[in-house]
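The values are calculated or read from the model by the stated rules, or taken from the named source; none is laboratory data. Worth saying up front: this structure is predicted, and the values here are computed from it rather than measured. So basically every Cβ, Gly included, is an ideal-geometry build from the backbone, and we count neighbours across all protein chains shown.
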Amino acid sequence: MWHRIWDANGKPGNGVVYDLMLKAKREYKSAVRWVLRHQDELSSMRMADGILNNKSRDLWAEVKKKTHSRCSTPGIVDGVEGDHEIGELFCAKFDELYNCVSYNADEMRELKHSVFDLVSSSYSAAILLKIDPQDSLSHI
């Protein structure tokens, strides 16, 4: 703003308008330097805000910004090599984890119906009831 006022007044080399323009310019450059020095802290604060306010979209956007250039797919996981073999290992681990806690099928069915009733206007609710975890795992 002060730069425009200074420019509109013929770019004087001294005086009140000149001093205000220089002060505004110094403050702006100081703020830019501060932001550049504190980028990691600001990003971490935005990530924490994403977690605290349940804004997962903001959280993952920040994670993606931080890891964009360093993100690579591992070639070996738990001694297993290759994309297909790693996928199979993941499937086995997920299956083991998913089935490690027993549950009552009737209670689970009742829970699914309760969830469906709560979100019946949502398209995803209809899909939710049709998903059979065991069937889904067999297609991976």
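Is it the case that some residue within segment 44-63 is surrounded by 10 or more Cβ atoms within 10 Å (Cβ to Cβ), hydrophobic (A, V, I, L, M, F, W, C), at pLDDT below 85 and touching an Asp or Glu at 6+ places or on another chain (Cβ under 7 Å)? Within segment 44-63, one or more residues are surrounded by 10 or more Cβ atoms within 10 Å (Cβ to Cβ), hydrophobic (A, V, I, L, M, F, W, C), at pLDDT below 85 and touching an Asp or Glu at 6+ places or on another chain (Cβ under 7 Å). Against the test of being modelled with pLDDT of 70 or more and either among the charged types (D, E, K, R) or surrounded by 10 or more Cβ atoms within 10 Å (Cβ to Cβ) (or both), the options 99, 104 yield a single qualifying residue, 99. A count restricted to segment 1-31 and to residues that are in contact (Cβ under 8 Å) with a residue 12 or more places away in the chain and surrounded by 10 or more Cβ atoms within 10 Å (Cβ to Cβ) stands at 11.
Pairs meeting the criteria (first residue in segment 89-117 and farther than 30 Å from residue 79 by Cβ, second residue hydroxyl-bearing (Ser, Thr, Tyr) and surrounded by fewer than 11 Cβ atoms within 10 Å (Cβ to Cβ), beta carbons under 9 Å, at least 6 apart or on different chains) are lacking. Consider segment 118-140 and keep the residues that are more than 26 Å from residue 75 (Cα to Cα) and surrounded by 10 or more Cβ atoms within 10 Å (Cβ to Cβ). The one that is modelled with the highest pLDDT is 118.
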